[in-house]
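Undergrad: Sharing a structure, written as structure tokens. Questions coming.
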Amino acid sequence: MASDNSFDVVSKVEIQEVKNAIDQASKEIHTRFDLKDSKSKIELEGSESIQLASASEHTLKAVIEILSQKLVKRGVSLKNLEYEKIEPAANSSVRQKVKLVQGIPSEKAKQIVALVKESKKKAQASIQGDTVRIVSKDRDTLQEIMGMLRAKDFGVALQFTNYRSN
């Protein structure tokens, strides 16, 4: 009997890389001439969100740009960030919360499963919590499915983990 091969499709944010990017962005904000007295701050709140604060919306946008550059350099996809609306804070300053999206949302997982079924390849896809497991007897089929998933944009960054060939 032929054995099954499988891999998991996940969407994770590496928290340590986010911390490093925040540290680098904070250093740049405190040394940049145009942002020196803007009272801008970037703080990581647990492992779910980042709190941004600044003197005005204009400087907040500059802070977001700096943070985005640092995150990309550290290999964190910007697709896993969900920006909430800008809200006023004390002393006419503004703040914004940025959620870190962990896991594949159920509607995106359903789209992935549907795409695998529509491809007519000999593979099964199943949703397991916030991951999708793809199983097939043929390794080449799994490689083709990985390529197909990379080519399509689901709105979240996808990683392929737990590759098993028995």
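Bear in mind that the values in this text are calculations on the coordinates, not laboratory data. As the structure is a prediction and not an experimental result, all values here were calculated from the model. Cβ: placed from backbone, ideal geometry, glycine included. Neighbour counts: every protein chain shown.
Undergrad: Give me a count of the residues in segment 111-125 that are surrounded by 15 or more Cβ atoms within 10 Å (Cβ to Cβ) and part of a strand (DSSP E or B).
TA: The number of residues fulfilling the criteria is 1.
Undergrad: Further question on the same structure: If I ask for residues that are outside any helix (DSSP H, G or I), over 16 Å from the mean Cα position of the chain (by Cα) and β-branched (Val, Ile, Thr), which ones from segment 29-74 would you list?
TA: Matches in segment 29-74: 42 only.
Undergrad: Any residue in segment 130-154 that is closer than 17 Å to residue 105 by Cα and in contact (Cβ under 8 Å) with a residue 24 or more places away in the chain sitting within a Cβ distance under 9 Å of a residue that is part of a helix (DSSP H, G or I) and small (Gly, Ala, Ser)? List the pairs, counting only those 6 or more apart or interchain.
TA: Pairs found: 130/106; 130/109; 131/109; 132/109.
Undergrad: Select from segment 80-99 the residues that are closer than 17 Å to residue 53 by Cα and within 11 Å of the chain's Cα centre (by Cα) and write down the one among them that is surrounded by the most Cβ atoms within 10 Å (Cβ to Cβ).
TA: Restricting to residues being closer than 17 Å to residue 53 by Cα and within 11 Å of the chain's Cα centre (by Cα), the top hit is 81.
Undergrad: Of the residues 15, 50, 66, which is more than 24 Å from residue 158 (Cβ to Cβ) and in contact (Cβ under 8 Å) with a residue 12 or more places away in the chain?
TA: None of the others qualify; the one that does is 66.
Undergrad: Give me the residue from segment 126-161 that is acidic (Asp, Glu) and assigned to a loop (DSSP other than H, G, I, E, B) and, out of that set, nearest to residue 8 (Cα to Cα).
TA: Per the criteria, the residue is 130.
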